[in-house]
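The values are calculated or read from the model by the stated rules, or taken from the named source; none is laboratory data. All values derive from a computational prediction rather than experimental measurement. Neighbour counts are summed over all protein chains in view; Cβ atoms, including those assigned to glycine, are modelled from backbone coordinates with ideal geometry.
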Amino acid sequence: MKKFLFFILTISTLGSVSAQIIPQPKSESYGDGSFTITNKSCLVYNSTVRQSALYLLNYLPFKQILSSSKVMVGDIELSINRYLDEEGYRLTVDKDNIRIVGGSNAGVFNGIQTLLQLLPPQVYSGNVKLPLSVPYCTIEDSPKFSYRGFMLDVARTWISADKVKRYIDLMAYLKLNKLHFHLTDDEGWRIEIKSHPELAQIGGFRGGDSPVFPRYGKFDEKWGGYYTQQELKEIVAYAAQRNIEVIPEIDMPGHSKALGAIYGDILCNYTPDKNKTNGLEIRNVWCAAKESNYALIDDIIREMSEIFTSDYIHIGGDEVNMSQWRKCPDCQKLKADKGLENEKQIEDYFIARVTEILTKYGKKPAVWNEAIEGGLLPKTTRVHGWASIKKCLAATSKGYPTIIMPGNYFYFDMKQSPSEPGHNWAAIFDAKKVLSFNFAKEGFTAEHLKNVAGIEASFFSEIYIAHNPESCNYLDYMLFPRLTALSEVAWSHSRRSWDEFYNALKSVHYARMDAMGVTYRLETPTVEYTNGTLTASTADGSTLYYTDLTTGKSSRYNKPIATKSPYNYEFYSKKGSGVSKKTGSKEYYTRLKPAVTVTSSISCSSKAPITNATKYSNSIARTTRAAKAGDWIEYRFTEPLNCREIEVQTGHIHLRRCHLLKGYVEVSYDGKDFSRIAELTEGGATIKPSPSLQAVRVVATDRSDAEDQIVIQSLKIK
Ligand code: ACM
Ligand code: ZN
């Protein structure tokens, strides 16, 4: 009977407590009343959890902290019980004390994160005063997965060490514990290697006079950065105090164009045809046959293993352009000498050689899913399944410990809705889809699950460079609340529903992110146009604004707007530091699709013919060489066109790449004479033509970026 009463009390008081802890703990029960942390409260800690005690001081201004002292009424105690799961903890708050008992320091740290979520959101500003009250409760918790990761690509778009630390703090808030740090790629080399200083000193910067040609974003300006070994050691220590292991990645043998631009000798032994690329080197694969390459890798890994404390170094292995090995006489000889069946097995050979070096320095390899396709990689290699669910299933069924991070659920560089910035090759998805990830529905059996080593989110930063990386706003917006949802998937044993999750966001987590200054994404406002009136609303209590696109003026939305031109109004909402996407009524998105023919001074490939650019869809045309000054693309309408505006864009639809670097747009109203109407910015321009438009032409005044092609898109006409 007593038990039954306690159960009733637990359930009935849950509603009155707004802890709404994310990720959801294994079990939580709340009592009536609260404990008050006062200026007299001491933080008493077991000496093995000193780092966690010091961490808590960043948030709560205890007057006294004492190691291994007697706990008095009113104190907070941090201690260890080795019988609990290593990362598990029990948090009890009663009238006398707050006690966090962890299976290890990591468990205590996780308990501290839960305690912070029992406090007012302002605690996250690091600027609260005591007293503060904490509801009576007992919370027992431990994670579903011991690997709960986030991969940050700082190779494409570099961010400072301080910003990296900020994201480490945001990971800690969500009990994420692995930072997979993508430090090198085609676009940059971000880690100081003292025995080869030019790697970072040259490879950390692209554009301007750097030999590393920029592939995205800033072209004229030399731009970038790298981390010194001292900074990296500080990042590792900062993360370790927050129960986060930093797993560095140097992406090999592909994705190495930046390195090849500095050390051309690492590339394969043949002369590439540079006619199509305006003379630029676009090879990006290490030659597998050169012994000097393995000596260089030894130097790099030796220094990395002194910086990073993780057992693992991620060595890449994804998207290797095997055609470079096919053209290389040395790699072909290696293949024959070693009895390798194909180029994928050349990759196995390369990875096996690098693994030998890792072993020498006490490290283990992690690789992307392609690296297991040659069939020779030992089952001790940790695999990151990124390309699809199918690839994750393949890795787990072959027996590799696999980190599950398929792009269509966990790549947070993907767009969150069709008209927002981001990539879209894997999917377009928001936090709701992340939360919905379900192993069974995706085909994972108990056998597969045995080899699931963890869950990881990822952010590849190709287009971040175009979104002012000096502020964190774009990265925040792409990560929150998707990363919040990911923490539920990685930690919680029984997942809360979207409605419960969204309620937790609205009731407290938005406020917590406000206190941390996170530019999180609010749900999109609803906008409708009926009977000549635009009406907008939100479901989260955020404040609505609208922009009149004819004047560019933004105002607070207080009442419906009577207008005959609904497409001229854009709406968005704000709440604290959160923002919604910009949206409009159905009419705002409506596009015109007049019949058009497209021609160009450059021929297109048969696989992506120029007619693709007449379809008003995402299908693109590809030319057979890079562009030069004087090249042009012409769009000619079959009937004179009247429209509000036209977006003209060269390059990939979601990535400013394979586009014209400089040029202009000209228009014709008689089909013969053209007048210049706009300059290209990043390969595109928005024009507002007069009525009766007959043709639009894009003219290059410079070469395209460093590709052997350019991409031609359909016009976007409104
Ligand atoms: C990857 O996205 N190429 C790992
Ligand atoms: Zn080679």
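Here are some conditions: (1) away from ligand 2 (no atom under 13 Å from the Cβ); (2) in contact with a strand residue (DSSP E or B) (Cβ under 9 Å, 6 or more places away or on another chain). Residue 254 meets all but one. Which one does it not meet?
(1)
For the condition at pLDDT 95 or above, closer than 30 Å to residue 577 by Cα and buried (at least 16 other Cβ atoms within 10 Å of the Cβ), what is the one hit in 112, 100?
None of the other options fit; the residue is 112.
Answer yes or no as to whether residue 65 is without any contact (Cβ under 8 Å) to a residue 24 or more places away in the chain and farther than 18 Å from residue 27 by Cβ.
Here the answer is yes, as residue 65 does meet what is asked.
Identify the residue in region 18-66 that is in contact with an Asp or Glu (Cβ under 8 Å, 6 or more places away or on another chain) and among the aromatic types (Phe, Trp, Tyr) and, among all such residues, is farthest from residue 107 (Cα to Cα).
Looking at the filtered set, the residue picked out is 35.
Tell me, yes or no, whether region 309-317 has at least one residue that is over 30 Å from residue 111 (Cα atoms) and within 16 Å of ligand 2 (Cβ to nearest atom).
First, the residues of region 309-317 that are over 30 Å from residue 111 (Cα atoms): 315-317.
Filter again for within 16 Å of ligand 2 (Cβ to nearest atom), leaving none.
No, region 309-317 has no match at all.
Restricting attention to strands (runs of 3 or more DSSP E) lying wholly within region 279-393, give those where 2 or more residues are within 24 Å of residue 198 (Cα to Cα) and within 16 Å of ligand 1 (Cβ to nearest atom).
312-316
Among the listed residues 466, 431, 427, identify the single one that is under 27 Å from residue 188 (Cβ atoms) and touching a residue at least 24 places away in the same chain (Cβ under 8 Å).
None of the others qualify; the one that does is 466.
Going through 152, 170, 176 one at a time, which residue ends up being within 16 Å of the chain's Cα centre (by Cα), part of a strand (DSSP E or B) and not charged (D, E, K, R)?
The unique qualifying residue is 152.
Can you pull out every residue in region 537-555 that is more than 23 Å from residue 507 (Cβ to Cβ) and either among the polar types (S, T, N, Q) or at pLDDT 95 or above (or both)?
Across region 537-555, the qualifying residues are 545, 546, 547, 548, 550, 551, 553, 554, 555.
Please verify whether residue 502 is in contact with a strand residue (DSSP E or B) (Cβ under 9 Å, 6 or more places away or on another chain), of a type in the set (Ser, Thr, Tyr) and farther than 17 Å from residue 176 by Cβ, treating the condition exactly as stated. First the steps, then the outcome.
Working: in contact with a strand residue (DSSP E or B) (Cβ under 9 Å, 6 or more places away or on another chain): no; of a type in the set (Ser, Thr, Tyr): yes; farther than 17 Å from residue 176 by Cβ: yes.
Considered against the rule, which asks whether it is in contact with a strand residue (DSSP E or B) (Cβ under 9 Å, 6 or more places away or on another chain), of a type in the set (Ser, Thr, Tyr) and farther than 17 Å from residue 176 by Cβ, residue 502 comes out as no.
Scan 341, 347 and give me the residue that is within 16 Å of ligand 2 (Cβ to nearest atom) and charged (D, E, K, R).
347
Would you pick out the residues in region 124-146 that are crowded, with 23+ Cβ neighbours inside 10 Å and assigned to a loop (DSSP other than H, G, I, E, B)?
If the condition is that a residue be crowded, with 23+ Cβ neighbours inside 10 Å and assigned to a loop (DSSP other than H, G, I, E, B), then 143 is the only one that fits.
Would you mind telling me which numbered condition in (1) touching a Lys or Arg at 6+ places or on another chain (Cβ under 6 Å); (2) at pLDDT below 95 residue 127 fails?
It is condition (1) that residue 127 fails.
I need a count of the residues in region 402-420 that are hydroxyl-bearing (Ser, Thr, Tyr) and either surrounded by 21 or more Cβ atoms within 10 Å (Cβ to Cβ) or more than 29 Å from residue 584 (Cβ to Cβ) (or both). Even if it seems obvious, please write down each step before you answer.
Initially, region 402-420 is screened for residues hydroxyl-bearing (Ser, Thr, Tyr), giving 402, 409, 411, 417, 419.
From what is left, the residues that are either surrounded by 21 or more Cβ atoms within 10 Å (Cβ to Cβ) or more than 29 Å from residue 584 (Cβ to Cβ) (or both) are 402, 409, 411.
So the count comes out to 3.
Taking the condition of being assigned to a strand (DSSP E or B) and without any contact (Cβ under 8 Å) to a residue 40 or more places away in the chain, how many residues in region 659-700 meet it? Walk me through it before giving the result.
Applying the first criterion (assigned to a strand (DSSP E or B)) to region 659-700 yields 660, 663-668, 675-679, 681, 684-687, 693-700.
Next, only the ones that are without any contact (Cβ under 8 Å) to a residue 40 or more places away in the chain stay: 663-668, 675-679, 681, 684-685.
Qualifying residue count for the region: 14.
Which of the numbered conditions does residue 432 fail, given that it passes all the others? Conditions: (1) away from ligand 1 (no atom under 14 Å from the Cβ); (2) out of contact with any Asp or Glu (no Cβ under 8 Å at 6 or more places or on another chain); (3) in a loop (DSSP other than H, G, I, E, B).
Failing condition for residue 432: (3).
Looking at 270, 263 in this structure, which one is away from ligand 1 (no atom under 16 Å from the Cβ), among the aromatic types (Phe, Trp, Tyr) and surrounded by fewer than 17 Cβ atoms within 10 Å (Cβ to Cβ)?
It is 270.
Residues 326, 353: which one is within 16 Å of ligand 2 (Cβ to nearest atom), surrounded by fewer than 21 Cβ atoms within 10 Å (Cβ to Cβ) and closer than 28 Å to residue 233 by Cβ?
Every option except 353 fails the conditions.
Among the residues in region 218-226, are any away from ligand 1 (no atom under 16 Å from the Cβ), closer than 23 Å to residue 654 by Cα and either part of a strand (DSSP E or B) or at pLDDT 95 or above (or both)?
Among the residues of region 218-226, at least one is away from ligand 1 (no atom under 16 Å from the Cβ), closer than 23 Å to residue 654 by Cα and either part of a strand (DSSP E or B) or at pLDDT 95 or above (or both), which makes the answer yes.
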